[in-house]
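See below for the structure under consideration.
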Amino acid sequence: MAQERQSPESLLRISAAAKAADVSKQTIEYYVMLGLIEPVRVEGSKGRFFDDELIKRIRLIREMNKSGYTLRDIRETYLSNR
């Protein structure tokens, strides 16, 4: 599990994170499943939480994907270097 990078007040639940990143909730769930992103905090039934850095990463992944990069390429090339 990823370390918490921001105060709990600034973390967003998946629905709010999807809105902030201008993607669907299902897109975020898919990115998590593929290992492209990881919630900064998971609280059982209360949900998964995302911070501003993850919102930026989601937007970047989406833009790279729209530009022709496959999600596999993004994960293996770009994100493996982080």
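We did not get these values from a lab; they are worked out from the coordinates using the rules stated. Worth saying up front: this structure is predicted, and the values here are computed from it rather than measured. Note that each Cβ is placed from the backbone with ideal geometry, even for glycine, and that neighbours are counted across all protein chains shown.
What the phi angles of segment 60-65 give under the Karplus curve with 6.51, -1.76 and 1.60, with θ = phi - 60°, is a coupling list of 5, 4, 4, 5, 4, 5 Hz, glycine and proline written as x.
For Asn65 and Ser15, a Förster radius of 22 Å and the Cβ-Cβ distance give a FRET efficiency of 0.55, rounded to the nearest 0.05.
Here the Karplus curve 6.51 cos²θ - 1.76 cosθ + 1.60, taken at θ = phi - 60°, turns the phi angles of segment 18-23 into couplings of 4, 5, 5, 8, 6, 9 Hz, with x standing for Gly and Pro.
The H on the amide N of Ile37, modeled in the peptide plane, is under 5 Å from the matching H of Val32, each at least 5 residues off or on a different chain.
Note down, for segment 10-81, the three equivalent ellipsoid semi-axes (square root of 5 times each alpha carbon gyration tensor eigenvalue), biggest first, whole angstrom.
Working: eigenvalues 87, 31, 21 Å².
Those come to 21, 12, 10 Å.
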